[in-house]
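First the structure, in the form of structure tokens, and then the observations on it.
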Amino acid sequence: MPSLKEVKTRIASVNSTRKITSAMKMVASSKLHRAQQAIENMRPYEMQLDHIMQSFVANIDGDIESPYTRTHEVRRVALVLLTSNSSLCGGFNANAIKALRKHVDHCRQEGIEVTKVITLGRKGHEAARKLGIAIEDYSHLNDSPNYQAATQIMAQLMDDYAHERIDKVEVIYHHFKSAATQVLTQDTLLPISLPQEQATEQGTLQNNYIIEPGPAQVVSALLPKVLHLKLYTALLDSLASEHAARVIAMQIATDNADELLQELTLTYNKTRQQAITTELLDIVGGSMH
């Protein structure tokens with residue numbers, strides 16, 4: 001059985017750790033609130049843009065001609081990986097990195113070249129460096145995500161795709177479903193998949209619009225906005241998911257610390273009681289002699 005001093009030292013250590021995890025949970029909760037507001041404010045705009053896109057597609061006879069909808073024979077792909085800049089957020093980073101490695105291995109088995117990995121998050125950057133692939137790092141955007149920077153990244157990818165330097169662009173990130181649920185998602189950014197004509201939450205699509213100045217001009221203006229928004233939304237999704245995962249991880253750590261403190265306190269009391277009992281027996285035994 002450990003000595004009283006050892007148990008007391010362990011209790012002080014666990015108490016100190018518990019204060020840290022509890023404080024980190026409070027900080028992550030505050031950041032989660034702001035990140036959740038950002039993604040929830042963005043989703044109505046995303047839904048409306050998607051509705052406009054569906055209505056537009058439903059109103060056009062024939063296929064939409066755009067370099068971003070044209071499919072290529074897949075020989076070169078680019079990947080976008082969204083992780084966090086710091087750890088202590090459960091399996092958030094590990095799951096995304098595992099998905100990246102699995103996808104890179106699959107591409108290599110199929111004879112597909114992964115030309116580059118665009119990382120948003122230092123943890124993903126550190127993992128991608130070990131794969132021997134060209135990396136473009138934009139980890140600084142995790143601290144202050146902004147639409148302008150996301151459009152610049154997407155514009156470069158669109159240019160590479162339009163000039164056939166890459167044949168496909170995929171993104172790996174966590175979709176923020178709720179504070180308790182974050183879904184690891186692997187989505188295709190390019191070529192863009194146009195929505196099919198269907199009824200939406202906003203009602204049945206209209207197909208009697210007059211398009212001015214013309215379908216080609218509207219496509220050239222609308223598709224880039226859709227693509228820019230898709231990457232920016234993924235960035236906001238990933239950020240909210242990171243803070244939610246950290247809140248959960250720190251809550252679990254704090255609960256575990258509480259349980260350990262209870263066990264250590266019980267051990268301390270038993271050890272102390274045993275020491276007192278031993279001393280009393282020694283005293284009683286000495287007086288009898």
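Structure notes:
- Listed peptides 114-121, 101-108 by packing density, highest first (mean Cβ within 10 Å): 114-121, 101-108
- Phi-derived couplings, Karplus 6.51 cos²θ - 1.76 cosθ + 1.60 at θ = phi - 60°, listed residue by residue for segment 261-278: 5, 4, 5, 5, 5, 5, 5, 4, 5, 5, 5, 5, 5, 5, 5, 5, 4, 4 Hz, with x used for Gly and Pro.
- Each residue of segment 135-140 is assigned a 3J(HN,Hα), and the resulting list reads 10, 10, 9, 10, 4, 5 Hz, derived from the Karplus form 6.51 cos²θ - 1.76 cosθ + 1.60 (θ = phi - 60°), x at Gly and Pro.
- Proximal charge balance of V27 [Cβ under 13 Å; K/R count +1, D/E count -1]: +4
- Point-charge dipole on Cβ atoms (K/R +1, D/E -1) for segment 70-148, about Cα centre, debye to 20: 180
- For I118, residues with placed amide H under 5 Å, excluding near neighbours: L79, V80, L81, E136
- ³J(HN,Hα) computed for each position of segment 150-159 - Karplus, 6.51 cos²θ - 1.76 cosθ + 1.60, integer Hz, glycine/proline x: 5, 5, 5, 5, 5, 4, 5, 5, 5, 5
- Relative to the Cα centre, the charge distribution of the chain, modelled as +1 at Lys and Arg Cβ and -1 at Asp and Glu Cβ, gives a dipole magnitude of about 1360 debye.
- Over the chain, dividing the summed -39,500 (n - 2.57) contributions of all DSSP H runs of at least 4 residues by the number of residues returns a 222 nm mean residue ellipticity of -21500 deg cm²/dmol.
- Using the Cβ-Cβ distance between N146 and I210 with R0 = 41 Å, the FRET efficiency computed as 1/(1 + (r/R0)^6) comes to roughly 0.70.
- With Cα atoms, 0 to 90° folded angle of helix 92-109 axis to the chain main axis: 50
Read the figures in this text as sums done on the coordinates, not as results from a lab. As the structure is a prediction and not an experimental result, all values here were calculated from the model. Neighbour counts are summed over all protein chains in view; Cβ atoms, including those assigned to glycine, are modelled from backbone coordinates with ideal geometry.
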